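Right, one structure below, let's go through it.
The values are calculated or read from the model by the stated rules, or taken from the named source; none is laboratory data. Since the model is a prediction, treat every value here as computed from it, not as a measurement. Please note that ligands, DNA and RNA were not included when accessible areas were found on the heavy atoms of the full protein model with its side chains. Shrake-Rupley method; radii C 1.70, N 1.55, O 1.52, S 1.80 Å.
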Amino acid sequence: MIAYKASTQLREKTLSILVPVYNESCVIDTFMTRLQQVIENLPCKTEVVFVDDGSKDDTCLKIERVSSLGDSKRLIKLSRNFGKEAALCAGLESVKGDAVIILDADLQDPPELIPKMLTCWQSGVDVVNMRRTKREGETWFKKFSAKCFYRILNWVSDTHIPENVGDFRLIGRCVIDVINAMPEKNLYMKGILSWPGFRTQTLFFDRDARAQG
């Protein structure tokens, strides 16, 4: 009975999946195949918003050609390469869902974890952070420098930025609206995503090495 109620509630919701891309031609087909396999089994409506950050390869052409994502797919093309932060801001201003999941196309963020994130969101939280327990494909120096970065950042910052939590997360509409209302133009997105507060839950996952791209 509880499972049935949960599914009924989710059917009335729309999930936005925000995918920033830049020169992802070599991996985008695999990514979209895996994403589609997940989406077709979700109990809610979905929209997939790609934001192209000035790619110079045929990433956009491949996205436009894919029909498996149907009418839920949208592509926003930035005029040039502004950087990932700007691409995420443009995407957050465009999404229409009750919640959004930010997902990279390089397959380090497994699309297969989306159902678990939805389950957490439905339990009443507004933010689902995805924390990396392993960082495959990274050198010891990259891991060490990342650890030092977060320690220094949290020492000087009034807002706690969770370690090993990247852009891969789910945020509810109330959080999206707060972020979109901010007047800042040069944003550190991991900080902005942590600043609003709200009810938060963290899931742990092993991060794969970047497939390509």
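Beyond a 21 Å Cα-Cα separation, which of these cross-linked pairs lie in this structure: LYS13/LYS84; LYS45/LYS116; LYS13/LYS73? Intermediate results must be reported in sequence, preceding the final value.
Numbers: LYS13/LYS84 27 Å; LYS45/LYS116 16 Å; LYS13/LYS73 17 Å.
Listed pairs above 21 Å: LYS13/LYS84.
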On the accessible surface of the stretch 1-114, probed at 1.4 Å with all protein chains in place, carbon and sulfur together account for a percent value of 50
LYS96: which aspartates and glutamates have alpha carbons under 13 Å from its alpha carbon, excluding same-chain residues fewer than 8 sequence positions away? GLU47, ASP177
